[in-house]
Amino acid sequence: MQVSEQTNTPSGLSLAEDEAVRITSELIRIDTTNTGDADTVVGERAAAEYVAEQLSEVGYEVTYVESGAPGRANVIARLAGSDPSRGALLVHGHLDVVPADASEWSVHPFSGAVQDDYVWGRGAVDMKDMLGMSIAVARHFKRNQIVPPRDIVFAFFADEEAGSWYGSQWLVEHRPELFEGVTEAISEVGGFSVTFKDGVRAYLVETAEKGIAWMTLRVRGRAGHGSMLHEDNAVSKLAAAVTRLGQHRFPIVLTDSVREFLAGVSEMTGWDFPEDDLEGSVAKLGAISRIVGATLRDTANPTMLQAGYKANVIPSVAEATVDCRILPGRQEAFERELDEILGPDVEREWRGLPPVETTFDGALVDAMTSSIAAEDPAARTLPYMLSGGTDGKALSRLGIRCFGFAPLRLPADLDFSALFHGVDERVPVDGLKFGVRVLDRFLRSS
């Protein structure tokens, strides 16, 4: 393999950098909105066919699978490594995106516009940027006959934005052989840079994520005429319970990953994070404090209410939807607190996904750190916990050790966390090119 003395990167990698920008933009133009309603989901099949074409064009054998429903499309391809006895590495991402209202955006959310040194559109950071980078690197490896140290499996999933039930969850349940030999995985949301102060910069690697429980609360009462007195009103009882829950603050619990993150930031910056004022001190982290602050405690946020069918009819049933995010090891304690807050009259049911947590050590972490350092020597890597969830929740069921590592060097003043599911979602062009260089080194050394 030839190396350019000017760039210290493999010859032909500049083509991969440009391809990452092109592919990210073209993927954004394919509207893959996932509403959560299977009847209104669009574009996943078209995106999967596009990915399959990009990989097949350079010689990959591609497996296309629909996961549980027509059009819920997934693409998997494997690149053989030099040592087949080693566990394989999975590089994965999801094809779907959340909805976007074009009237709120500076550019059309499905334009994939490349302007002002950014690629714009829904999915630019969640997560068609990682898809673009990984496809570009996969094409680069195949074109240049680069053999990685071990097998690499590239996977592109449906339905992550609605729980992965028609994506990675279905594949783990019904097609586990697609991940045969895989021991470790990388994907969203990690590897991005955070500038704390005076140019002090770290790249955050996701080693943990909170559990998810989408909970339905249900209260029953006596139906009747709206003009009469009613002491058994389901709507009133539900509203009171939802208010109690919405105002409740679960206790602060410091997990190992959060402790290690805060210790690393303290070492880099000199900032203190006293446990008697943890939330106040975390605020000094800037925009990333929204994510870090949400990993200090469990959360239960009411998001939807449903009751009644006519203004003058008191309904017999009222329901609320609550988005619950639960720290590792806190499930039983969380449920006990719910019992105390909601009381015996509130029924609850939920569909949940477990937390994911691993340690920040080992050869794979060393490869991440060295790959970042080669491009940004003054920075360091730190572990952190994601307040949301990823396809790692499904893959961990197969014993796969999952990390968030989608490398991007970001401008210090960019509020990156606000772009996830936000208006004017965009990713820096230079960040994509940086990510290609890091992923290339990482996959050649991991």
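The values are calculated or read from the model by the stated rules, or taken from the named source; none is laboratory data. This structure is a prediction, so every number in the text was calculated from the model and none was measured. In this analysis, Cβ positions are derived from the backbone assuming ideal geometry, glycine residues included, and neighbour counts consider all displayed protein chains.
Looking across segment 205-239, the residues that are crowded, with 18+ Cβ neighbours inside 10 Å and among the small types (Gly, Ala, Ser) come down to Ala208, Gly211, Ala213, Gly221, Ala234.
Applying the selection to segment 351-379, what residues are buried (at least 16 other Cβ atoms within 10 Å of the Cβ) and either within 20 Å of Ser289 (Cβ to Cβ) or basic (Lys, Arg) (or both)? Answer for segment 351-379, where residues must be buried (at least 16 other Cβ atoms within 10 Å of the Cβ) and either within 20 Å of Ser289 (Cβ to Cβ) or basic (Lys, Arg) (or both): just Ala379. Please work out which one of (1) touching a Phe, Trp or Tyr at 6+ places or on another chain (Cβ under 9 Å); (2) buried (at least 23 other Cβ atoms within 10 Å of the Cβ) is the condition Phe156 fails and give its number. (1) is the only condition that Phe156 fails. Residues that are touching a residue at least 12 places away in the same chain (Cβ under 8 Å) and part of a helix (DSSP H, G or I) within segment 263-279 comprise Gly264, Val265, Met268, Thr269, Glu275, Leu278, Glu279, listed in sequence order.
If you check Val147 against the conditions, is it crowded, with 20+ Cβ neighbours inside 10 Å and assigned to a loop (DSSP other than H, G, I, E, B)? The answer is no for Val147.
Scanning segment 332-347 for residues that are of a type outside the set (A, V, I, L, M) and surrounded by 16 or more Cβ atoms within 10 Å (Cβ to Cβ), we see that the one that is nearest to Gly221 (Cα to Cα) is Glu337. Looking across segment 43-66, the residues that are among the acidic types (Asp, Glu) and in contact with a Lys or Arg (Cβ under 9 Å, 6 or more places away or on another chain) come down to Glu44, Glu57, Glu61, Glu66.
Is it the case, given these coordinates, that Val200 is surrounded by fewer than 21 Cβ atoms within 10 Å (Cβ to Cβ), in contact (Cβ under 8 Å) with a residue 12 or more places away in the chain, outside the structural domain of Val313 (by TED's automatic domain parsing) and more than 23 Å from the chain's Cα centre (by Cα)? Against the criterion (surrounded by fewer than 21 Cβ atoms within 10 Å (Cβ to Cβ), in contact (Cβ under 8 Å) with a residue 12 or more places away in the chain, outside the structural domain of Val313 (by TED's automatic domain parsing) and more than 23 Å from the chain's Cα centre (by Cα)), Val200 qualifies. How many residues does segment 309-323 hold that are farther than 27 Å from Gly352 by Cβ and not aliphatic (A, V, I, L, M)? Total meeting the criteria: 5. Applying a threshold of 6 Å to beta carbon distances and a minimum spacing of six or more residues, or different chains, the list of pairs starting in segment 404-429 at a residue that is over 20 Å from Val91 (Cβ atoms) and ending at one that is of a type outside the set (Phe, Trp, Tyr) and part of a strand (DSSP E or B) reads Leu410/Ser193; Ala412/Thr195. Restricting segment 280-339 to residues that are in a helix (DSSP H, G or I) and under 19 Å from the mean Cα position of the chain (by Cα) leaves a set whose member that is farthest from Asp198 (Cα to Cα) is Ala294.
In summary, Thr255 fulfils each of the numbered conditions (1) farther than 22 Å from Ala300 by Cβ; (2) outside the structural domain of Ala320 (by TED's automatic domain parsing); (3) surrounded by fewer than 21 Cβ atoms within 10 Å (Cβ to Cβ); (4) not acidic (Asp, Glu) with the single exception of condition (1). Select from segment 162-197 the residues that are under 22 Å from Leu89 (Cβ atoms) and of a type in the set (Gly, Ala, Ser) and write down the one among them that is surrounded by the fewest Cβ atoms within 10 Å (Cβ to Cβ). Per the criteria, the residue is Gly181. Pick from segment 417-446 the residues that are under 16 Å from the mean Cα position of the chain (by Cα) and within 17 Å of Ser106 (Cα to Cα): which of them is surrounded by the fewest Cβ atoms within 10 Å (Cβ to Cβ)? Per the criteria, the residue is Ala418. Determine if segment 16-37 includes at least one residue that is farther than 29 Å from Ile146 by Cβ, part of a helix (DSSP H, G or I) and small (Gly, Ala, Ser). No, the conditions are met nowhere in segment 16-37. Which residues, counting only those in segment 45-61, are in contact (Cβ under 8 Å) with a residue 40 or more places away in the chain and farther than 16 Å from Leu27 by Cα? Scanning segment 45-61 gives Glu57, Val58, Gly59, Tyr60. Here Gly389 meets the list (1) crowded, with 18+ Cβ neighbours inside 10 Å; (2) at pLDDT 95 or above almost entirely, failing just condition (2).
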